[in-house]
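Every number here is computed from the coordinates shown, using simple stated rules; none is lab data. What you are looking at is a predicted structure, and each value in this text was computed from that prediction instead of being measured.
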Amino acid sequence: MPWLILNHRKVSYPLSEEQVKDMLKKYDKNKDGKLSKHELILAFKEMGLHFCRWKAGKTLSLADNNCDGYINEDEMSEFVHYASRWGFKIS
Ligand SMILES: [Ca+2]
Ligand SMILES: [Ca+2]
């Protein structure tokens, strides 16, 4: 299992893949079990990332395997694998 460190307001702490998924699920505002582009933007903003809109679009183009325009739980795992480029650090 990958371990991630999220740099958020200068506090770094290790995160497992499950913890990252739990964090993302909190932003599933309409509780449909998947993240829309709008929900991704909110999540990235809260995580303190820059270029949230661009990253939300990028997340959909990279991780949306079934091309329905949403990120479901399986696809969140895809996100975790490349999230290290965006201020997440794999220790
Ligand atoms: Ca949703
Ligand atoms: Ca999808």
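Quick notes
- Whole-Hz couplings from phi, Karplus 6.51/-1.76/1.60, listed for the stretch 27-43; x for Gly and Pro: 8, 7, 5, 9, 6, 9, x, 9, 9, 7, 4, 4, 5, 5, 4, 4, 4
- Close amide H pairs (under 5 Å, H built 1.01 Å from N) link Ser16 with Leu4, residues at least 5 positions away or on another chain.
- Placing one equal scatterer on every Cα of the stretch 29-91 and applying the Debye formula, the log10 ratio I(q)/I(0) at q = 0.12 Å⁻¹ is -0.26.
- A cut-off of 5 Å between modelled amide H atoms, ignoring neighbours fewer than 5 places along the same chain, links Leu35 with Ile71, Asn72.
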